[in-house]
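Presented below is the structure to which this report refers.
The values are calculated or read from the model by the stated rules, or taken from the named source; none is laboratory data. Just so it is clear, the model here is predicted, and its values are computed rather than measured. No Cβ is skipped: glycine too gets one built from the backbone with ideal geometry, and neighbour counts run over all protein chains shown. What goes into the accessible areas is simple: the full protein's heavy atoms, side chains included, and nothing from ligands, DNA or RNA. Shrake-Rupley method; radii C 1.70, N 1.55, O 1.52, S 1.80 Å.
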Amino acid sequence: MGLIALALAGSGAVCLGAEVAIGSLLHVTQNVWLALLLYPVVFLLALGVLLTMVPSMEKPEGWGVLAMIVIPISALAVVHLTYSGLDQRALHDRGQEIRATVSDTYWVDEGPSAPLLAAEFKDPSGRPVPGTIYGEKLKVGQTVTVTVDPKGKIPLYRGERPTGSGKFLAAGITAAVEILFLAWAAFQGTAERLAARTKSEPERTQEPEDSPA
């Protein structure tokens, strides 16, 4: 069990380190295409660690199915929350708050998903505010506070300058859930393997009865 715990701690640290690094990379690059490439990589990495660490996961049943759902989704959430938190922290450091008026709203087709409502803005002088906010129920003529990145790298944010603390807290909680489920799956799988081995050993070691003379 000691080796299992050590391997689990090492694998968990590597996974979380990779997830935070990828989230940081996405924050620095702000590249949508890179995000579309790396999110599947994170999903497959989490599945790979689960299959490597946990015995009998080739054909998961019961708790194994739950682990295969929770762990990869948690990994994706850690990446996204890290990415979003760093964006918000950057806006807190250099963002500019503007009282902006909604100048236009329109629906964006998301394919199989429900369409998103998009809103564009203008500042008090009537100039367009760079950026678009999606998924907010806003009406043309409505005035709201938005935070703009002067460098134009971070997406427009509705509200006053965020701190990112809520995103980082959520990332920490999600990371804890991911590690707990990985540990649970590892020890459950190992217990099942040991039970199966213990059950089969007496059958292999039993000697045949003496034949009558």
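Residue pairs whose Cβ atoms lie under 6 Å apart, separated by 6 or more positions or on different chains, with the first residue in segment 99-119 and at negative phi and the second small (G, A, S) and outside any strand (DSSP E or B), are L116/G135. In segment 104-120, the residue that is nearest to V148 (Cα to Cα) out of those that are open to solvent by 50 Å² or more (accessible area, probe 1.4 Å) and over 28 Å from the mean Cα position of the chain (by Cα) is E120.
With the condition kept exactly as written, say whether any residue in segment 154-165 is in a helix (DSSP H, G or I), modelled with pLDDT of 80 or more and open to solvent by less than 50 Å² (accessible area, probe 1.4 Å). Within segment 154-165, none of the residues are in a helix (DSSP H, G or I), modelled with pLDDT of 80 or more and open to solvent by less than 50 Å² (accessible area, probe 1.4 Å). Find all pairs meeting these conditions: Cβ atoms under 8 angstrom apart; at least six residues apart or on different chains; first residue within segment 150-176 and in contact (Cβ under 8 Å) with a residue 60 or more places away in the chain; second residue part of a loop (DSSP other than H, G, I, E, B) and surrounded by 14 or more Cβ atoms within 10 Å (Cβ to Cβ). Here the result reads K153/Q30; I154/Q30; I154/G95; P155/D149; Y157/G95; R161/G95, each pair linking segment 150-176 to a residue that is part of a loop (DSSP other than H, G, I, E, B) and surrounded by 14 or more Cβ atoms within 10 Å (Cβ to Cβ).
Of everything in segment 41-60 that's of a type outside the set (D, E) and open to solvent by 60 Å² or more (accessible area, probe 1.4 Å), which residue is modelled with the lowest pLDDT?
At the first step, the residues of segment 41-60 found to be of a type outside the set (D, E) are 41-57, 59-60.
Filter once more, so that each one left must be open to solvent by 60 Å² or more (accessible area, probe 1.4 Å): 41, 43-45, 51-52, 59.
Values: V41: 91, F43: 90, L44: 89, L45: 86, L51: 77, T52: 74, K59: 62.
So the residue we want is K59.
Is it the case that L3 is part of a helix (DSSP H, G or I) and either in contact with a Leu (Cβ under 9 Å, 6 or more places away or on another chain) or at pLDDT below 90 (or both)?
Details: part of a helix (DSSP H, G or I): yes; either in contact with a Leu (Cβ under 9 Å, 6 or more places away or on another chain) or at pLDDT below 90 (or both): yes.
The answer is yes for L3.
Criterion first (outside any helix (DSSP H, G or I), open to solvent by less than 30 Å² (accessible area, probe 1.4 Å) and touching a residue at least 40 places away in the same chain (Cβ under 8 Å)) does I71 satisfy it? Don't jump to the end; show me each part of the working.
On the way: outside any helix (DSSP H, G or I): no; open to solvent by less than 30 Å² (accessible area, probe 1.4 Å): yes; touching a residue at least 40 places away in the same chain (Cβ under 8 Å): yes.
So I71 fails the test.
Does I98 satisfy the criteria of being open to solvent by 30 Å² or more (accessible area, probe 1.4 Å), within 12 Å of the chain's Cα centre (by Cα) and at pLDDT 90 or above? Before the answer, list the steps.
Values: open to solvent by 30 Å² or more (accessible area, probe 1.4 Å): yes; within 12 Å of the chain's Cα centre (by Cα): no; at pLDDT 90 or above: yes.
Considered against the rule, which asks whether it is open to solvent by 30 Å² or more (accessible area, probe 1.4 Å), within 12 Å of the chain's Cα centre (by Cα) and at pLDDT 90 or above, I98 comes out as no.
Can you tell which of S113, S211 is at pLDDT below 85, more than 28 Å from V65 (Cα to Cα) and not aromatic (F, W, Y)? Result of the check over S113, S211: S211. Among the residues of segment 131-149, are any in contact with a His (Cβ under 8 Å, 6 or more places away or on another chain) and either part of a loop (DSSP other than H, G, I, E, B) or open to solvent by less than 20 Å² (accessible area, probe 1.4 Å) (or both)? No, there is no match, as no residue in segment 131-149 is in contact with a His (Cβ under 8 Å, 6 or more places away or on another chain) and either part of a loop (DSSP other than H, G, I, E, B) or open to solvent by less than 20 Å² (accessible area, probe 1.4 Å) (or both).
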